[in-house]
Structures are given as structure tokens and as C-alpha cells.
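One structure below.
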Amino acid sequence: QVQLVESGGGLVQPGGSLRLSCAASGSIFSLNPMAWYRQAPGKQRELVAVLSSGGSTNYADSVKGRFTISRDNAKNTGYLQMNSLKPEDTAVYYCNAPPGNTGYYWGQGTQVTVSS
């Protein structure tokens, strides 16, 4: 009965910023790790960022230094702050459990388009 709802995507110019949100129901973020994924057309889903329940983070090399994963346990909401966006960041972004953890059904994701 876990539901994940991503939001915050949109159209942004290269170099711009977006903050994605992941609202979770049926789960408590403080007790579970979380991750962000993305999938571009014609490509496999890619792991972007991981936040452990203990607070450690890991990022894909392609986004390291530009993206920041975080959470607000009181709101049971995760975030992905994306700065210095590039056209190659264009994808549908999803939140879910990290690899090696019990996954949930995928939400609809939120579209991020980086274009002039």
C-alpha cells in the first residue's frame, strides 16, 4: 500500500534549477532509505542518487556536484535539488527504494526537460 508521488518537474533552460519532491504514503522515510532514478526516452532507468536511512548519500557521476538528495522526515517527503541543469538531464524522474532494498511500485514520475 505504498504510494509514491513525484512532482516538481518542468521545462527549464540549461544552467537552471529545479527541486523535485517525492511524497510517500504507507511508508516512513525516517526508517527507510530512498533513491532517485531517471529514464530518458529509449534508455534504461538510471540510478541518480541514494540517501540512506543513516544520512549518507551517493550520486551518479553524471550528476555529482550538481544534484542533492534530501528528505524531510516530518513530512515524509524526499527531495532532489537539481542545479546547473544540462540538456542530458532531460528525463522522467522517479523516486523509489535504492537497489538492494525492498522496492515499491513505481509512480508516474515527473518530467524534467532542459532545453533552450
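The values are calculated or read from the model by the stated rules, or taken from the named source; none is laboratory data. Computed from a predicted structure; not experimentally measured. Reconstructed Cβ throughout: ideal geometry from the backbone, glycine too, with neighbour counts over all protein chains shown. Surface areas here come from the heavy atoms of the whole protein model, side chains and all, with no ligands, DNA or RNA. Shrake-Rupley method; radii C 1.70, N 1.55, O 1.52, S 1.80 Å.
Computed from point charges on the beta carbon alone (+1 for Lys and Arg, -1 for Asp and Glu), the dipole magnitude for region 21-116 about its Cα centre is near 20 Debye. Per residue, the chain exposes 53 Å² of accessible surface when a 1.4 Å probe is rolled over the protein heavy atoms with every protein chain present. Only beta bridges with both residues in the chain are counted; by DSSP, about 90 percent of them are antiparallel.
Considering the zone a paramagnetic label at Gln81 would reach in this model (a point 7 Å from Cα along the Cα-to-Cβ line), which residues of region 1-26 have amide N under 16 Å from it? Once the point is set 7 Å along Cα→Cβ of Gln81, 16-22 turn out to lie under 16 Å by backbone N, inside region 1-26.
Can you tell me the FRET efficiency between Ser115 and Gln1 if r is taken as the Cβ-Cβ distance and R0 is 30 Å, rounded to the nearest 0.05?
Rounded to the nearest 0.05, the efficiency is 0.20.
Of the listed values [x] 13.7, 45; [y] 13.2, 40; [z] 13.7, 48, grab the one calculated as Rg and Dmax of the Cα atoms in Å from the structure here. Among [x] 13.7, 45; [y] 13.2, 40; [z] 13.7, 48, the one calculated here is [y].
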